[in-house]
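Worksheet for the structure shown next.
The values are calculated or read from the model by the stated rules, or taken from the named source; none is laboratory data. What you are looking at is a predicted structure, and each value in this text was computed from that prediction instead of being measured. Cβ placement follows ideal geometry from the backbone for every residue including glycine, while neighbour counts extend to all protein chains displayed.
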Amino acid sequence: MKVAVVSFEVYPLAKVGGLADVAGALPKALKKKGIDVSIFMPFHKKVKDNVKKLELPLKKVLDEFDLGLDTTEKASLFQTILPGTDIPVYLVENAHYFSSEDVYGSPDGGEQAIFFTKAVLESIKKMGEPFDVIHANDWQTGLLPVYLKTVYSNDAIFSRTATVYTIHNLGYQGIFDRLYMDFAKLPGYLFNPDGVEFYGKLNFMKGGIIFSDIVNTVSPTYAQEIKTPEYGEKLEGVLQARSDVLYGVLNGIDYEENDPSSDKRIPYHYSVDNMDGKWKDKEELQKEMGLEVKPDIPVIGLISRLVDQKGLDLVNDVMRYVMSCGVQFVLLGTGDKKYEESFSNLAKEFPGKAGVKIGFDINLAQRIYAGSDFFLMPSRYEPCGLGQMYSLRYGTIPIVRYTGGLADTVNEFDGEKGNGFGFKPYDSAYLARTIVKALYYYNRKDDMKTLIRNAMTTDLSWERSAQEYLKLYNLALKNH
Ligand code: ADP
């Protein structure tokens with residue numbers, strides 16, 4: 001099977017968020033399963049820098065060509081490889097659209113996305129080799145399935161190409177003025193409520209949802225939740241209408257980069273069979289964060305963008321009470337001023353007990369994942385969530401709100417089975433009770449051992465996810 005993964009970000013060539021991790025890791029795992037996989041992404045300035053820095057091979061595949069859009073800008077196509085593999089990465093080049101420092105820094109994100117999407121399809125046509133499946137991601141490539149089912153519907157090269165469309169974050173849909181229909185040269189009849197129109201505007205993500213053969217999001221629970229008004233961001237009706245082809249596939253994490261037995265970012269190494277290093281990491285973390293160095297006090301960690309999505313109002317509500325239960329608290333994050341201030345104040349109120357670092361620091365993050373006993377993540381909504389997965393991998397027990405990917409990766413510990421603790425109602429009293437329950441188990445050393453073992457042996461690998469995507473690709477081919 002020949003698959004093209006199309007994404008605006010691909011780790012390590014250009015990364016802003018979780019999309020890059022998926023687009024960088026999934027192709028590797030697919031390749032291991034025998035899939036002939038290629039990647040298409042824009043030749044961002046950042047990608048140029050990284051191709052040089054990583055000394056990757058680079059060749060020009062297609063000279064400048066016209067895209068049939070309402071612009072005189074032309075595209076050309078380059079090719080490199082995904083570092084450490086022989087997976088081809090096709091790079092759409094255009095100085096006007098892809099030169100900004102920031103991947104999403106173009107003054108016109110709508111034109112930029114359309115240009116990229118159309119260039120991918122034209123490139124495939126010019127290269128003359130059909131794909132069985134095109135896997136598009138997020139709003140930037142939402143119009144790709146729309147083009148295939150309309151403008152390109154009679155092109156022989158795409159006649160057997162099926163599409164899978166993945167929603168990584170329903171909060172960003174790509175909503176633009178109707179005029180972008182003209183720029184894209186999309187047929188006017190598409191601009192209606194059964195097509196790409198959305199409250200008088202053009203909605204790229206809506207196009208992806210309606211016109212692809214299979215739609216998925218990044219966890220099974222989130223795939224259910226987004227069909228409701230509470231989580232649906234006004235697309236719940238469209239998602240309900242497509243529920244027969246709507247799936248949820250959990251992301252994985254990179255097991256090699258995130259391995260407590262070899263991670264260079266943490267001071268001491270450990271594994272499920274020898275945990276001594278973790279207790280030394282805890283001691284180092286206590287020192288680094290200015291906490292009293294005491295092995296028996298439970299340390300609760302939190303690493304997050306400090307935004308409402310992450311349930312931080314609940315944390316604020318309960319933390320003073322929780323501190324009175326004899327715990328230490330470590331927080332790393334940046335974001336809304338109100339949270340930065342309230343957590344900084346907490347650290348002042350509880351010297352030696354609460355350590356708060358406002359900032360973005362991936363190395364400290366890793367030391368917190370390794371050195372904490374518990375990890376707090378009571379999100380309001382969470383498409384997949386990585387924090388809880390890293391903490392499980394490092395034997396740090398997640399305390400979560402059971403929503404989205406958190407509900408799919410964390411299971412309530414019952415003394416034997418389960419890898420963490422959680423609650424459902426968005427209510428601080430439930431969070432407080434859940435923390436108290438976790439602390440009860442903390443004092444039962446044998447239970448704690450079982451719990452840590454369960455956490456560290458939870459399967460969060462990309463191999464599992466790739467298997468699921470393979471199923472979706474086959475379904476897409478069948479539906480097509
Ligand atoms: P989201 O993508 O909504 O921010 P995720 O849990 O999916 O949430 O991913 C967040 C990732 O970013 C995690 O890997 C987390 O460790 C990391 N992260 C968040 N805030 C910080 C920070 N201040 N410093 C370092 N890493 C952070």
For the range 208-234 the number of residues that are under 21 Å from the mean Cα position of the chain (by Cα) and under 24 Å from Lys471 (Cβ atoms) is 17
Which of the residues spanning the range 87-106 are modelled with pLDDT of 95 or more and among the aromatic types (Phe, Trp, Tyr)?
Tyr90, Tyr97, Phe98
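Only one of Pro229, Pro145 is closer than 22 Å to Arg380 by Cα and out of contact with any Leu (no Cβ under 8 Å at 6 or more places or on another chain); which?
Matching residue, one of Pro229, Pro145: Pro229.
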Filter the range 450-480 down to residues that are hydroxyl-bearing (Ser, Thr, Tyr) and in a helix (DSSP H, G or I) and give me whichever is farthest from Leu19 (Cα to Cα).
Thr450
Could you tell me whether the range 209-225 includes any residue that is out of contact with any helix residue (DSSP H, G or I) (no Cβ under 7 Å at 6 or more places or on another chain) and surrounded by 22 or more Cβ atoms within 10 Å (Cβ to Cβ)?
yes
Could you check the range 20-37 and list, in sequence order, the residues that are surrounded by 18 or more Cβ atoms within 10 Å (Cβ to Cβ) and over 18 Å from the mean Cα position of the chain (by Cα)?
Ile35, Val37
The correct count of residues that are more than 11 Å from the ligand (Cβ to nearest atom) and surrounded by fewer than 20 Cβ atoms within 10 Å (Cβ to Cβ) in the range 348-375 is 6
If you go through the range 264-276 one residue at a time, do you hit one that is out of contact with any Phe, Trp or Tyr (no Cβ under 6 Å at 6 or more places or on another chain), within 14 Å of the ligand (Cβ to nearest atom) and not assigned by TED's automatic domain parsing to the domain that holds Leu376?
yes
Condition first: assigned to a loop (DSSP other than H, G, I, E, B) and either among the charged types (D, E, K, R) or at pLDDT below 95 (or both). Now tell me which residues in the range 120-167 satisfy that.
Glu129, Asp132, Asp138, Asp155, Arg160
Can you list residue pairs whose Cβ atoms sit under 9 Å apart, with the first residue in the range 343-366 being on the phi > 0 side of the Ramachandran plot and the second being within 16 Å of the ligand (Cβ to nearest atom)? Count only pairs 6 or more apart in sequence or on different chains.
Gly359/Leu332; Gly359/Gly333; Gly359/Thr334
Condition set hydrophobic (A, V, I, L, M, F, W, C) and in contact (Cβ under 8 Å) with a residue 40 or more places away in the chain, scope the range 313-340, selection farthest from the ligand (Cβ to nearest atom): answer is Cys325
Quick count over the range 394-404, residues being within 16 Å of the chain's Cα centre (by Cα) and either at positive phi or outside the structural domain of Lys424 (by TED's automatic domain parsing) (or both), is 1
So Ala438 fits all but one of (1) surrounded by 17 or more Cβ atoms within 10 Å (Cβ to Cβ); (2) under 30 Å from Asn216 (Cα atoms); what number is the exception?
(2)
Could you count how many residues in the range 297-347 are more than 20 Å from the chain's Cα centre (by Cα) and closer than 17 Å to Ile368 by Cα?
12
Given Ser391, Ser461, which one is of a type in the set (Ser, Thr, Tyr), on the phi < 0 side of the Ramachandran plot and crowded, with 22+ Cβ neighbours inside 10 Å?
Ser391
Taking the range 163-194 and keeping residues surrounded by fewer than 19 Cβ atoms within 10 Å (Cβ to Cβ), hydroxyl-bearing (Ser, Thr, Tyr) and more than 17 Å from Val151 (Cα to Cα) leaves Tyr172
Name every residue in the range 442-472 that is farther than 30 Å from Leu30 by Cβ and without any contact (Cβ under 8 Å) to a residue 40 or more places away in the chain, in order of residue number.
Asn443, Arg444, Lys445, Asp446, Asp447, Met448, Lys449, Thr450
Counted residues in the range 286-331 being touching a Pro at 6+ places or on another chain (Cβ under 6 Å) and surrounded by fewer than 22 Cβ atoms within 10 Å (Cβ to Cβ) come to 1
Hey, can you tell me all the residues within the range 211-250 that are among the β-branched types (Val, Ile, Thr) and touching a residue at least 40 places away in the same chain (Cβ under 8 Å)?
Ile214, Val215, Thr217, Val218, Thr221, Ile226, Val245, Val249
Give the residue that is nearest to the ligand (Cβ to nearest atom), with candidates limited to residues of the range 391-408 that are in contact with a strand residue (DSSP E or B) (Cβ under 8 Å, 6 or more places away or on another chain) and among the hydroxyl-bearing types (Ser, Thr, Tyr).
Ser391
